[in-house]
Every structure is written in structure tokens, then in C-alpha cells.
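The values are calculated or read from the model by the stated rules, or taken from the named source; none is laboratory data. It should be emphasised that the depicted structure is a prediction, and the values quoted were computed from it without experimental measurement. Reconstructed Cβ throughout: ideal geometry from the backbone, glycine too, with neighbour counts over all protein chains shown. Only protein heavy atoms, including side chains, enter the accessible area calculation; ligands, DNA and RNA are left aside. Shrake-Rupley method; radii C 1.70, N 1.55, O 1.52, S 1.80 Å.
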Amino acid sequence: MENVGEKRKRFELLMKQGEMPPAIVDPYFLDGHIEQVEISRSNQEWRITIWKETLVPGEVYRTFCLRLQEKMQHIAK
């Protein structure tokens, strides 16, 4: 089982690849990490479960998700 530090590093890498602006990362995602990743090879779909202690405002979460989808669409849905 991976420790939280490794899960956090992977989350930071995901945010870097998604080119998340500091205005989103710093106030809302500093306490987060990737808990689980499920991959469907048949339809190239990823489901990433993120763990956080605090809630993220809906608009910020939507921006986060849309930006990741846009930046990663060449790999998966």
C-alpha cells in the first residue's frame, strides 16, 4: 500500500500535467491526494478518486475537472 506522501506526489504531478493555475491549487487542493485510479482499457476512460479534508466550491471543482479533461483528452476520457 502506498503512503500518503507518494499519493500526494502523484496528485501534484497530475495537477502539473493539467496545468492547474496556482489560484486553484493553493487555496483548494493543498490537502488533497489521489486515493485511487480506475482505468477502463476498452473505452479509454479513467476514474480518479481524490481524497481531501475540506470541501471545494462547486465552480472550482468544475474548473478543475474540465481543465484535466481538456489537457488529458489525448490519453483518456
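Screening Phe29 with (1) exposed (fewer than 14 other Cβ atoms within 10 Å of the Cβ); (2) within 16 Å of Lys7 (Cβ to Cβ) gives one miss only, at (1). For the stretch 56-77, the set of residues classified as of a type in the set (Ser, Thr, Tyr) and either in contact with a Cys (Cβ under 7 Å, 6 or more places away or on another chain) or open to solvent by 80 Å² or more (accessible area, probe 1.4 Å) (or both) consists of Tyr61 only. For the stretch 32-55, a tally of residues being open to solvent by less than 50 Å² (accessible area, probe 1.4 Å) and of a type in the set (D, E, K, R) returns 1.
Of all residues in the stretch 1-16, those that are open to solvent by less than 100 Å² (accessible area, probe 1.4 Å) and within 19 Å of Gln69 (Cβ to Cβ) total 5.
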